[in-house]
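The values are calculated or read from the model by the stated rules, or taken from the named source; none is laboratory data. No experiment lies behind these values; they were computed from the predicted model shown. A quick note on method: Cβ atoms are made from the backbone with ideal geometry, for glycine too, and the neighbour counts reach across all protein chains shown. Accessible surface areas use protein heavy atoms only, side chains included; no ligands, DNA or RNA. Shrake-Rupley method; radii C 1.70, N 1.55, O 1.52, S 1.80 Å.
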Amino acid sequence: QPARSGHGRFQGACSNYLARTSKGQTVYAFVRSNPAFHMPESPATPLVMVGPGTGLAAFRGFLQERAVQKAQGQELGPALLFFGCRHPEQDYLYQDELEEYAREGVNELVVAYSRVDPNRKVYVQHKLAEMKERVWELLQQGGVIYVCGDAAHMAPDVRAALAALYREKTGQGEAEAEKWLQELAASNRYRLDVWASS
């Protein structure tokens, strides 16, 4: 795609750096984690996780940790994972693993496919709205919402779906819904790890 500078084409930073390396060559990188984006101290705390595409990476780690906790006999709270991809036969990342965790009771799994029906794109925010009763139930139990992935479209759309849920359940208006979301964030119950795509 054309570079934003107007000069040449944008090649991508990491993928092209890796593509230019040779076998055995040293790769220089650093990892920058989001210190606020971690599971609650208590495994009994309910979780609502929303992560399409590469946003799944953080939640895969969460599920792996929950699986270990479950194997150790710890009591797990409910966990609801909304994962979005284009098509189950194209980019359903870690499908077998995610479905196995769901079968084992590590989490509940809801998948949104945006390209299965050519007449209707289904995204994670649509599935969140469909599962509003379950989401609200977990929030009423002190659940924590995690959103990981695209900051440009997905994160604002998920926020809007949550605000709509609050308005529906409480009869309050937009200002009150926004205040509720701000209070959730201030109390570490609405955590974001989002980034803008190029």
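For the chain, what's the relative contact order in percent, using C-alpha pairs closer than 8 Å and at least 6 residues apart?
After rounding, I find 21 percent.
So how tilted is helix 95-104 from the main axis of the chain? Cα-based, degrees 0 to 90, rounded to 10.
Once rounded, one gets 20 degrees.
Between the range 63-103 and the range 105-166, what is the C-alpha centre distance in whole Å?
First find each Cα centre; the distance between them is then 16 Å.
Could you compute the FRET efficiency for ALA44 and GLU97, with r as their C-beta to C-beta distance and R0 at 25 Å, rounded to 0.05?
Once the sixth-power term is evaluated, E becomes 0.60.
Give me the percent of accessible area attributable to carbon and sulfur for the range 89-198, probe 1.4 angstrom.
After summing per-atom areas, the C and S share lands at 46 percent.
Loop only by DSSP, 16 or fewer other Cβ within 10 Å of the Cβ. Give me the chymotrypsin sites (Phe, Trp or Tyr not before Pro) in the range 1-30 that pass, ordered by residue number.
The qualifying sites are PHE10, TYR28, PHE30.
Excluding residues on the same chain fewer than 8 positions from LYS169, give the lysines whose Cα lies under 24 Å from its Cα.
Cross-link targets: LYS127, LYS132, LYS179.
Which whole-number percent of Cα pairs in the range 151-198 have a distance greater than 15 Å?
48 percent
Using 0.36 nm per residue, how much length does the chain from LYS132 to VAL68 gain when fully extended, once their Cα-Cα distance is taken away?
20.2 nm
At a threshold of 8 angstrom on Cα-Cα distance, excluding pairs fewer than six apart, so keeping six or more, what relative contact order does the range 51-92 reach in percent?
Computed value for the range 51-92: 51 percent relative contact order.
Which three extents, in whole angstrom, do the alpha-carbon atoms of the range 1-89 cover along their principal axes, largest first?
The Cα atoms of the range 1-89 stretch 55, 32, 31 Å along their principal axes.
Hey, got a sec? Which GluC sites (Glu not before Pro) in the range 87-190 land in a DSSP loop and have at most 11 other Cβ atoms within 10 Å?
Sparse-neighbourhood loop GluC sites (Glu not before Pro): GLU89.
If one takes the longest principal axis of the Cα atoms in the chain, at what angle in degrees, from 0 to 90 and to the nearest 10, does the Cα axis of helix 174-186 lie?
The helix 174-186 is inclined about 70 degrees to the chain.
How large is the convex hull of the Cα atoms of the chain per residue, expressed in Å³ as a whole number?
181 Å³
Suppose R0 equals 22 Å. What FRET efficiency, 1/(1 + (r/R0)^6) with r the Cβ-Cβ distance, do ASN119 and HIS153 give to the nearest 0.05?
0.65
Roll a 1.4 Å probe over the protein chains and send me the accessible area per residue for the chain in Å².
Roughly 59 Å² per residue, with all protein chains present.
Under a crude label model (7 Å from the Cα following the beta-carbon direction), how far is THR54 from HIS87 in nanometres?
2.2 nm
For ASN34 and ALA164, FRET efficiency with R0 = 25 Å and r from the beta-carbon atoms, rounded to 0.05?
Taking R0 as 25 Å, the efficiency between ALA164 and ASN34 is 0.45.
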